[in-house]
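Heads up: the structure comes next, in structure tokens.
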Amino acid sequence: MIALEGVSARQAPMALASVSLSWEAGAHAIVGARIDGGPLLLAIVAGLTTPRAGRVRVLGAAPTDAGVRRQVAFVPFEPSLPEAMRVREVMALAAAVRQEPARDEAKRLAILGIEALVDRKVHSLSRGEARAVALAEAVTSANVRVLLLDEPLVAIDARAVGRVTEALRARARDGCVVVVATGSMRDAGELADDLVMLRAGAIVGQGACADVLAASGAHVAGGAHLRVILQDAGGAAALIAALADEIDVEG
């Protein structure tokens, strides 16, 4: 349903170098820092960025095809919603653009536990609330067959974060292609069944999540050591306390 052949692109500071891969229905992850090119890869599949070289096919056609665009939902890290509109109006507009029948907007938002936002003006939403609204619209769209999401578990409303994984998994089980870009191995393992690891725009690992995670860890004897320098002593104490609660942190 998604196929890339020798795709190269640049959108400073990100670049991709001769990327070839394919995804069918299911849950997939792109793992790497943002500068490694995950968000750029999602934008190319969404038809928002044109590659310099290579071929991209989505649902059997070019990603810029009007029929394809209606079936693709892309939720970037900073979603752009019409600020003067209410949330219910944004949801209704999106349904009209996708040529879907109107449905109860509050029920659509309820899948992520944010139905209370339905009558709020977009300009009054926090960043996390806006991200949750954009994600709820994408996940509940009846015509969407391809879901592209940049860091869906990061900077999102607290009411939604615990429901995102099951919502995405459910769409994957229904036959959608779900692709998430994340810098977190843990999030990739939670959200996807297989992953592609990007480094500096090139694929350096690919396979089932469990296999790739095990292989990547094998090269780091005794785990990883992290050094963080903070100017604020209170912030350092809070960070240490938070890390102490992580099951993967030994000391």
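What follows draws every value from the coordinates through simple rules; no lab data is involved. These numbers come from a predicted model, not from an experiment. Positions of Cβ are backbone-derived with ideal geometry, glycine not excepted, and every protein chain shown enters the neighbour counts.
Once C-alpha pairs closer than 8 Å and six or more residues apart are averaged by separation and normalised to the residue number of the chain, the relative contact order reads 24 percent.
Taking the DSSP bridge list for the chain and keeping only pairs wholly inside it, about 50 percent are antiparallel. Across the range 89-141 the C-alpha pair distances fall into 5 Å bins from zero in the proportions 4, 22, 36, 25, 10, 2 percent. Translational diffusion of the range 86-214 was estimated from the Stokes-Einstein equation, with Rh taken as the Kirkwood radius over Cα pairs; at 10 °C and 1.306 mPa s the coefficient is 102 µm²/s.
Summary value for the range 1-129: 20 percent relative contact order, contacts being C-alpha pairs under 8 angstrom separated by 6+ residues.
When the Cα gyration tensor is reduced to axis lengths a ≥ b ≥ c, the ratio a/c is 1.5 or higher for the range 45-103, and with a/b not above b/c it is classed as oblate.
Applying the criteria of a DSSP loop state and at most 11 other Cβ atoms within 10 Å to the trypsin sites (Lys or Arg not before Pro) of the range 45-87 yields R52. Highest average first, the peptides 10-16, 181-187 ordered by how many other beta carbon atoms sit within 10 Å of their residues are 181-187, 10-16. Were the residues from K107 through A210 laid out at 0.36 nm apart, the gain over their Cα-Cα distance would be 33.6 nm. Each Lys and Arg Cβ is given +1 and each Asp and Glu Cβ -1; about its Cα centre, the chain then shows a dipole of about 800 debye. Can you work out the base-10 log of I(q)/I(0) for the range 6-138 at q = 0.11, 0.13, 0.15 1/Å, using the Debye formula on its C-alpha atoms alone? Normalising to I(0) and taking log10 leaves -0.47, -0.65, -0.83.
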